[in-house]
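Here, each number is a calculation from the coordinates, and none is a lab measurement. What you are looking at is a predicted structure, and each value in this text was computed from that prediction instead of being measured. Note: ideal-geometry Cβ built from the backbone for every residue, glycine included; neighbour counts use all protein chains shown.
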Amino acid sequence: MKDTYILGIGVTPVGRYADRSFTDLVADAYGSAVKDAQLVDPDRIEGTWFANMLADFWGLRAMRGLGVLAPLVEDGLFPNGQRITNVESACASASAAFNGAWSAIQSGANLTLAIGVEKMNPTDRPATELLDWMNGGLPESYWEPYRRLAEQLGVTFGFGSDRSMAMDIYALLALSHMRDYGTTIEQIAASAAKNHTNAVHNPRAQYRFPMTTEEVLADRVVADPLTRAMAAPRGDGAGAVLVCSAEFLAEQPSSVRERALRVRGHSLAGGRINASWQDERSPALSAAQTYQMAGLTPRDLDLVELHDATSFAEIHLIEDLGLCERGQGGPFTAAGATQLGGEIPVNPSGGLVSRGHPIGATGILMLNELAVQLRGEAGETQVPNARIALAENGGGIVGLDAAVTATTILERAA
């Protein structure tokens, strides 16, 4: 593998930006990434990968990144004539964009860019329209595995315009894991409480208030057995990351080289509709490929940021990533192993349930949280002497599996 580095990265805080456009949010994130990289000549960028999932909902049906970035070109804020590739992989869209930028470096480019942006909070129409849009377009056969699983569990599976399809599926998966391994709702709540508390000190987080396990359990049930506090909120935000070769990095001043982050491993892996918990599903496959590429094992990691779209996801993903044995995610979490100061801190940023989940930007936001930690800039949630960190970002759901999973391991270069 050719040595590849994150040269600069920038994000917006996650929130609700009713008065800000996709272009506005991208301008902030891209400008921050350029500043972070101390990039004097953006014209040296050899390609841009633009990630987004919901632009069609907002009426931008075709051009996406081409349309979002065009005003910045006219204002002299983005390179003219840039090669732009649109990318969409559901919740893993930004990681797929990063994959494009990383792959180009592997193929001989010296400087590339990945951008992700999302707006998820319509103000001129009800939020139920967004849920309808997200729930639609799938063939009837897609739902059969969930109907079969619901029948086995003795529950009813269904969703409507007032419900999130993803939440109902995650609820089924949680019930399945509880049946197969004895995972408890209290263990899932412990994950949520940890992440809400971690986010208090994260200035980029959408939610910045602590919660106890008891408060998480007492919150409103949105998809039995999952409560609102166990679910990622709808957020708006953007991220941008500049990726470079070793040769390009060598040209930069020491102040840039010292902050660069080496990409030790990176992988995308697709999922299987009929996979079981015992199978090597997409997250486990992606992680295994990334560990092999990096020449590392889970024990080498100092911290992990993972895709807790619900707090149950954190329970099974720490199993998939090899942080604990299959079926032991609940007890591992309840014992405090994933807390700050624990065996392996997981989601010190607050994770998706508290830092936020602007779908098309999330993968880059996760890489930014790794960068903050590896550069020693995380403040109250700093993991001491952090040198190697992993991000796992899932996109879509097929059966018990993620439709695609991206895993990335970063290392402090200096």
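Computed quantities for the displayed model
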item	result
5 Å binning of all Cα-Cα separations within the range 186-332, expressed as whole percents from 0 upward	2, 8, 13, 16, 16, 17, 13, 8, 4, 2, 1, 0
Highest average packing first - 59-70, 403-414, Cβ atoms within 10 Å	403-414, 59-70
Sorted by Cβ density within 10 Å, fewest first, the residues ILE344, ILE359	ILE344, ILE359
Overall form of the range 100-141 per C-alpha gyration tensor (a/c, 1.5; a/b vs b/c)	oblate
Length released on extending from ASP219 to ARG83, taking residue separation times 0.36 nm less the Cα-Cα span	44.3 nm
Vicinal HN-Hα couplings computed from phi for the range 113-120 (Karplus, 6.51 cos²θ - 1.76 cosθ + 1.60; Hz; Gly/Pro x)	9, 10, 10, x, 8, 8, 10, 10
Gap separating the Cα centres of the range 233-279 and the range 43-74, nearest whole Å	20 Å
Cα-based equivalent ellipsoid of the range 204-253: semi-axis lengths in Å, sorted from largest, via gyration tensor	42, 12, 10
Semi-axes of the equivalent ellipsoid for the range 325-408, Cα gyration tensor, largest first, Å	22, 19, 11
Ranked PHE332, PHE312, criterion: other C-beta atoms within 10 Å, fewest first	PHE332, PHE312
Within a Gaussian network of the chain (alpha carbon springs, distance under 10 Å), most fluctuating of VAL243, VAL117, VAL155	VAL155
Paired Rg and Dmax values of the range 96-175, which use every Cα atom, in angstrom	18.8, 55
Relative contact order (percent, whole number), the chain, Cα cutoff 8 Å, 6+ residue spacing	25 percent
Rg to Rh quotient for the range 42-141, alpha carbon positions, Kirkwood Rh	1.04
Scaled radius of gyration (Cα, divided by 2.2 N^0.38 Å) that the range 147-250 gives	1.42
Mean residue ellipticity (222 nm) of the chain, computed from DSSP H runs ≥ 4 via -39,500 (n - 2.57), nearest 500	-11000 deg cm²/dmol
Highest-fluctuation residue, SER267, SER21, SER32 considered, GNM on the chain with Cα pairs under 10 Å	SER21
Rg/Rg_ref, the range 219-292, where Rg_ref = 2.2 N^0.38 Å and atoms are Cα	1.75
The chain - convex hull of the alpha-carbon atoms, volume per residue in Å³	126 Å³
Whole-Å semi-axes of the range 275-376's equivalent ellipsoid (Cα gyration tensor)	19, 16, 16
Cα-based reach from LYS35 at 30 Å (exclusive), listing lysines while leaving out same-chain residues under 8 positions away	LYS2, LYS119
Order of MET366, MET1, MET134, MET167 - criterion: other Cβ atoms within 10 Å of each residue's Cβ, fewest first	MET1, MET134, MET167, MET366
Computed lengthening from GLN152 to ARG44, 0.36 nm per intervening residue step minus Cα-Cα distance	33.2 nm
